Amino acid sequence: MVRCRRGGVRCPVIYDVGEDWIVMEDVGRVSVKDYLKSLPQTSPLPSSAITCLLSLTNSIISIHSSSCIHGDLTTSNFMYNPTSIIPLDFGLSTICAPNMGEKKRKNNEMNGGNNNRIESFAVDLYVLERSIISTHENGEEMVKVIVNEYKEKSREGDRVVQKLGEVRARGRKRECFG
Ligand SMILES: Nc1ncnc2c1ncn2[C@@H]1O[C@H](COP(=O)(O)OP(=O)(O)OP(=O)(O)O)[C@@H](O)[C@H]1O
Ligand SMILES: [Mg+2]
């Protein structure tokens, strides 16, 4: 959380930590899940839902730009506030390798290095996608808004969204064949 805050993510302020406790800023009572469910469940999505989903996506992009994998992206793990969307629940989060930049990355791949960073971000998005589809009535439409925004706004968006396609295909295969 501290790492994400340093990277500009609007996470709760951490006041104190102990061995098995943490004191942090109270960031409200309304989760993104509650907020989206309170809106008309229409298709196309109401503009307020789109605005909220775009902020949610930009928060995720900032988390990923901080080289952090959240590990449990769901609409209930983000709080809604009219001026910001605030991620919570970093209990499953991990840190990944920094963004190497195009030249170093290509060299790394040519030398057989894998690209766990992109794969991890794609899996993070896949977890969110599955959770949204099972939680929200217009989940498929919501996912499209998120994926398009991620692709457009993240510096690594093209590669992550391409990888997301592979992760989905693996998921479908698992569903069919166990
Ligand atoms: N900083 C905070 N400000 C306001 N509410 C919070 C904050 N942190 C946690 N909460 C509330 O507590 C709930 C559970 O927190 P969190 O998701 O971190 O724990 P959890 O053990 O993973 O619980 P869950 O299984 O419900 O996700 C959140 O959904 C939110 O309603
Ligand atoms: Mg939680």
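The values are calculated or read from the model by the stated rules, or taken from the named source; none is laboratory data. Predicted model only: the values in this text are computed from it and were never measured. A quick note on method: Cβ atoms are made from the backbone with ideal geometry, for glycine too, and the neighbour counts reach across all protein chains shown.
Return only the number of the condition from (1) outside any helix (DSSP H, G or I); (2) more than 16 Å from ligand 1 (Cβ to nearest atom); (3) in contact with a Leu (Cβ under 7 Å, 6 or more places away or on another chain) that residue 99 does not satisfy.
(3)
Please determine whether any residue of the stretch 61-71 is crowded, with 17+ Cβ neighbours inside 10 Å and within 13 Å of ligand 1 (Cβ to nearest atom).
Taking every residue of the stretch 61-71 in turn, at least one turns out to be crowded, with 17+ Cβ neighbours inside 10 Å and within 13 Å of ligand 1 (Cβ to nearest atom).
Please go through the stretch 124-138 and give me each residue that is in a helix (DSSP H, G or I) and either more than 15 Å from the chain's Cα centre (by Cα) or in contact (Cβ under 8 Å) with a residue 12 or more places away in the chain (or both), ordered by number.
Result: 124, 125, 126, 127, 128, 129, 130, 131, 132, 134, 135.
For residues that are surrounded by 10 or more Cβ atoms within 10 Å (Cβ to Cβ) and not charged (D, E, K, R), scanning just the stretch 9-19, find the one that is farthest from residue 81 (Cα to Cα).
Filtering first and then ranking leaves 17.
Would you say residue 51 is more than 25 Å from residue 101 (Cβ to Cβ) and surrounded by 15 or more Cβ atoms within 10 Å (Cβ to Cβ)?
Details: more than 25 Å from residue 101 (Cβ to Cβ): yes; surrounded by 15 or more Cβ atoms within 10 Å (Cβ to Cβ): no.
So residue 51 fails the test.
Give me the pairs: first residue in the stretch 51-69 and on the phi > 0 side of the Ramachandran plot, second residue outside any helix (DSSP H, G or I) and of a type in the set (S, T, N, Q), beta-carbon distance under 9 Å, and six or more apart or on different chains, which are they?
67/99
For residue 76, state whether it is more than 15 Å from ligand 1 (Cβ to nearest atom), of a type outside the set (Asp, Glu) and at pLDDT 95 or above.
So residue 76 does not fit the description; no.
Would you check which residues across the stretch 49-90 are touching a Gly at 6+ places or on another chain (Cβ under 9 Å), within 16 Å of ligand 2 (Cβ to nearest atom) and hydroxyl-bearing (Ser, Thr, Tyr) and list them?
Across the stretch 49-90, the qualifying residue is only 80.
Pick out, from the stretch 14-92, the strands (runs of 3 or more DSSP E) lying fully within it that include 1 or more residues that are of a type in the set (S, T, N, Q).
Passing ranges, in order: 78-81, 84-87.
Taking the conditions exactly as written (within 13 Å of the chain's Cα centre (by Cα), under 30 Å from residue 44 (Cα atoms), more than 16 Å from ligand 1 (Cβ to nearest atom) and among the aromatic types (Phe, Trp, Tyr)), does residue 121 satisfy them or not?
When the stated conditions are applied, residue 121 passes them.
Test residue 46 against the criterion of being over 21 Å from residue 165 (Cα atoms), of a type outside the set (Gly, Ala, Ser) and either within 16 Å of ligand 2 (Cβ to nearest atom) or modelled with pLDDT of 95 or more (or both), and give yes or no. Give the steps one after another, and end with the answer.
Numbers: over 21 Å from residue 165 (Cα atoms): yes; of a type outside the set (Gly, Ala, Ser): yes; either within 16 Å of ligand 2 (Cβ to nearest atom) or modelled with pLDDT of 95 or more (or both): yes.
Spelling it out, residue 46 is indeed over 21 Å from residue 165 (Cα atoms), of a type outside the set (Gly, Ala, Ser) and either within 16 Å of ligand 2 (Cβ to nearest atom) or modelled with pLDDT of 95 or more (or both).
Got a sec? Which of 40, 82 is at pLDDT 95 or above, more than 15 Å from ligand 1 (Cβ to nearest atom) and either surrounded by fewer than 21 Cβ atoms within 10 Å (Cβ to Cβ) or among the aromatic types (Phe, Trp, Tyr) (or both)?
Working: 82 fails: at pLDDT 95 or above.
Among 40, 82, only 40 is at pLDDT 95 or above, more than 15 Å from ligand 1 (Cβ to nearest atom) and either surrounded by fewer than 21 Cβ atoms within 10 Å (Cβ to Cβ) or among the aromatic types (Phe, Trp, Tyr) (or both).
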